[in-house]
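The structure appears below as structure tokens.
The values are calculated or read from the model by the stated rules, or taken from the named source; none is laboratory data. In this text the structure is predicted, and so the values were computed from the model without any measurement. Glycine gets a Cβ as well: all are built from the backbone with ideal geometry, and neighbour counts include every protein chain shown. Remember, those area values only see protein heavy atoms, side chains included, never the ligands or the DNA or RNA. Shrake-Rupley method; radii C 1.70, N 1.55, O 1.52, S 1.80 Å.
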Amino acid sequence: SIGFTRKLMHDILAVPELQDTTFYFMDLSQDNLDMVTQLCQRDIDANGLPATIVPTTNQREAITDADYVLCLIRQGGLDAFALDIDIPLKYGVDQCVGDTICAGGIMYAQRTIPVLLNICKDIREVAKPGALFLNYSNPMAMNVWACNIYGGVPTIGLCHGVQGGHWQITRCIELWAKREGLLPENESLHRNDVDIVCAGINHQTWYVKIQWRGMDMVPRMLELFEAHPEYRETEKVRIDMLRRFGYYTTESNGHVSEYVPWYRKRVDEIPQWIDLSSWIHGETGGYLRVCTEGRNWFETDFPNWLEEEPPVIAGDRRSEEHGSFIIEGLETGRTYRGHFNLVNQGQITNLPDGCIIEIPGYVDKNGINMPVVGALPMACAATCSASVRVQQMAMEAAVHGDVTLLKQAMLHDPLTAAVCTPEEIWQMTDEMLTA
């Protein structure tokens, strides 16, 4: 992944204490590895940093003596991704992304989890004792669940959905505050001005607390989103769920529409819930299309990237990805608060212990500490619980090669179940397995 690899490297090197980091870049493809290494090495050289990159196609070599292992893979590449979208579509299962649950996400887990467990084996055997596994690969919850239970390695899942929704909430509050005369027209809000607690499972997390200037903004959210000139057009699914649940959810319109049984089950009704101004708002197969275009563009345009002015690596240019801040907190002791995916140990009381939840956490020299959130609102918990049981069956199916359990996971998936009969689900799963 050129995007995540380069961004996370820049973020880590923006921390003064981490500028002499050694990065082992590992890929199955020598060509991809060469391109990413060239770009990143050029960035290091241009910024005069003492960091080192060691490229290798040998996974075990890359993990040997590692303090941290970051996973950014898409197992099976875009060819497999296309099958995750195209085969279910023949059966009426219409996905925008297909990487979390639903038919595509479930099958994605079957090919990804065995690979991650192999990475975990190498971490146990050759990485530094206590090495932390930071996973960015989807399907996040299933992957992290398998690594923690069957991989024997402390694994944290990292995503940026919470930050994205936090910015949307901030923009809505800003617009309202200006209209109410509480904020000058020439002032803008940063998301850090708005305090949130977001809790749930990855890609189904809920902003259960929102405060601005000491005011509880949760009851105002529906009014604010319906009044926003852009979001009322692009986030129709999220706004409808906000109307019925009382809480805004993190994930984009396109993502969340395929995790629930209500919005993509009738072909003729899908257009009223999505917006085609960007793939992320619900276009059928939208993420596959964008990934394919980006892949083709990158290969063609790579020489032009090398000719561009190298970016400045600096603290004020860090992205909002959690990875570098976790490493900084553990290495330097500077406290960081973010939202992380890890094993539920009573932090969300009405989701099963052992499942993977996404909640606020704190990082410092003492490690990663996760406070107790308590119970989710009942409707939010019900939606998450349905997904959790699908994740559990699909994760166990991947670990044990259990085809019956895989089909039962498909059978209980909310959108797949809303569209297909049991026999259609059996046939679709067989077709996907064969492919």
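List of remarks:
- Loop-located chymotrypsin sites (Phe, Trp or Tyr not before Pro) in region 242-297, at most 13 other Cβ atoms within 10 Å (DSSP): none
- A 1.4 Å probe run over the chain, with the rest of the protein chains in place, finds 42 Å² accessible per residue.
- Cα-based equivalent ellipsoid, region 296-354: semi-axes from gyration tensor eigenvalues, Å: 37, 20, 8
- Mean-position separation - Cα centroids, region 38-78 and region 97-145, in angstrom: 18 Å
- For region 374-389 and region 238-316, distance of Cα centres in Å: 24 Å
- Nonlocal amide H pairs with residue 340, under 5 Å, H built at 1.01 Å: 359, 361
- Over 27 Å (Cα to Cα) - which of 7/265; 7/236; 265/407 fall in this group: 7/265; 7/236
- Subtracting the Cα-Cα distance of residue 289 and residue 435 from 0.36 nm times their residue separation leaves 50.6 nm of extension gain.
- Applying the criteria of a DSSP loop state and at most 10 other Cβ atoms within 10 Å to the GluC sites (Glu not before Pro) of region 264-323 yields 308.
- With every protein chain in place, the chain: carbon and sulfur % of accessible area (1.4 Å): 50 percent
- Shown is the FRET efficiency for residue 331 and residue 385, computed with R0 = 41 Å from the Cβ-Cβ distance and rounded to the nearest 0.05: 0.65.
- [x] 20.9; [y] 27.3; [z] 40.9, with the label sought being that of the calculated mean projected area of the Cα convex hull in nm²: [x]
- For region 1-127, size of Cβ-based charge dipole, Lys and Arg +1, Asp and Glu -1, in debye: 300 debye
- Using 0.36 nm per residue and subtracting the Cα-Cα separation, the extra length available between residue 213 and residue 350 on full extension is 46.3 nm.
- Pairwise label distance in nanometres, residue 272 with residue 186, each label 7 Å out on the Cα-Cβ vector: 4.6 nm
- Volume of the Cα convex hull of region 191-343, divided per residue and given in Å³: 190 Å³
- Counted residue by residue at 0.36 nm each, then reduced by the alpha carbon distance between them, the extension gain from residue 179 to residue 298 reaches 38.5 nm.
- Cα-centred dipole magnitude for region 362-435, charges only on beta-carbon of K, R (+1) and D, E (-1), debye, nearest 20: 380 debye
- For residue 307, net neighbour charge (Lys/Arg +1, Asp/Glu -1) across residues whose Cβ lies under 14 Å away: -3
- With K and R counted +1 and D and E -1, the other residues having a Cβ less than 13 Å from that of residue 61 yield a net charge of -3.
- Dipole check for the chain: with +1 at the C-beta of Lys and Arg, -1 at the C-beta of Asp and Glu, and the Cα centre as origin, the magnitude is about 1160 Debye.
- Comparing mean-square fluctuations of 37, 205, 300 from a GNM of the chain with C-alpha springs under 10 Å, the top value falls on 300.
- In region 104-134, the trypsin sites (Lys or Arg not before Pro) that fall in loop regions by DSSP, at most 15 other Cβ within 10 Å: none
- Helix-only mean residue ellipticity at 222 nm for the chain, each DSSP H run of n ≥ 4 adding -39500 (n - 2.57), per residue, nearest 500: -15500 deg cm²/dmol
- Close amide H partners of residue 355, meaning residues 5 or more places away or on another chain with modelled amide H under 5 Å apart, are 344.
- Gaussian network model of the chain, springs between alpha carbon atoms under 10 Å - residue of 78, 342, 158 with greatest fluctuation: 78
- Charge context of residue 355, other residues only, Cβ under 13 angstrom, K/R +1, D/E -1: -2
- Candidates 396, 328, 309, ranked by Gaussian network fluctuation over the chain, Cα under 10 Å, top entry: 309
- For a label point 7 Å along the Cα-to-beta-carbon line of residue 378, residues of region 228-253 with backbone N under 19 Å: 241-248
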